[in-house]
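To keep things clear, I will list the structure first and then write my remarks on it.
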Amino acid sequence: MAISDPLGDLITRIRNAQRSRRSSTRAPASKLHANVCEVLKREGYIRAWKVLDVRPGVRELEIELKYSEGEPVIKEITRVSTPGRRVYSKIKELPRVYNGLGVSILSTPRGVMSDVEARAANVGGEVLCRVF
């Protein structure tokens, strides 16, 4: 069955795994998924991620989730821009997630980055998701 929103699927897999207190989860691999996971790792929301070769031509991401005192580090992760409604933001109009406590992940001309990095690079783009 084809997935109409692969990034939304990745976000849902992470959310569901954290709610069921799993140590890791797997999702289909792509460059966008790897870049989003790298931003989550840099911002301290996940422990690590790696690409696994399941069989020839099929790769998956294994994402190690992070917990603090038994509670998930990711309290909320939501998709903002969907295939049916793309959300773009100029750098001056980029919203802050929970007044700077969370991050937005953006797809910019310079690659996938967090809202903090986008402000430093002075570049806007498509708001993929927000994490708190």
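The values are calculated or read from the model by the stated rules, or taken from the named source; none is laboratory data. These figures come from a predicted structure and were not determined experimentally. FYI the Cβ positions are ideal-geometry reconstructions off the backbone, even for glycines, and counts take in every protein chain you see. Keep in mind that these areas ignore ligands, DNA and RNA; they rest on the heavy atoms of the full protein, side chains included. Shrake-Rupley method; radii C 1.70, N 1.55, O 1.52, S 1.80 Å.
Quick check on my filter: what residues within the stretch 101-130 are closer than 20 Å to Pro83 by Cβ and β-branched (Val, Ile, Thr)?
Ile105, Thr108, Val112, Val127
So which residues in the stretch 79-121 are of a type in the set (Ser, Thr, Tyr) and surrounded by 14 or more Cβ atoms within 10 Å (Cβ to Cβ)?
Across the stretch 79-121, the qualifying residues are Ser81, Ser89, Ser104, Ser107, Thr108, Ser114.
Among the numbered conditions (1) surrounded by 16 or more Cβ atoms within 10 Å (Cβ to Cβ); (2) under 12 Å from the mean Cα position of the chain (by Cα), tell me where Leu61 comes up short.
(2)
Consider the stretch 33-71. How many of its residues are touching a strand residue (DSSP E or B) at 6+ places or on another chain (Cβ under 7 Å) and either of a type in the set (A, V, I, L, M, F, W, C) or over 22 Å from Asp115 (Cα atoms) (or both)?
20
Among Val54, Val123, Val116, which is the only one that is of a type in the set (A, V, I, L, M), in a helix (DSSP H, G or I), more than 19 Å from Thr12 (Cα to Cα) and out of contact with any Phe, Trp or Tyr (no Cβ under 7 Å at 6 or more places or on another chain)?
Unique residue meeting the criteria: Val116.
Among the listed residues Arg21, Arg42, identify the single one that is at pLDDT 95 or above, open to solvent by 30 Å² or more (accessible area, probe 1.4 Å) and under 12 Å from the mean Cα position of the chain (by Cα). Give the derivation first.
Details: Arg21 fails: under 12 Å from the mean Cα position of the chain (by Cα).
After ruling out the rest, the residue left standing is Arg42.
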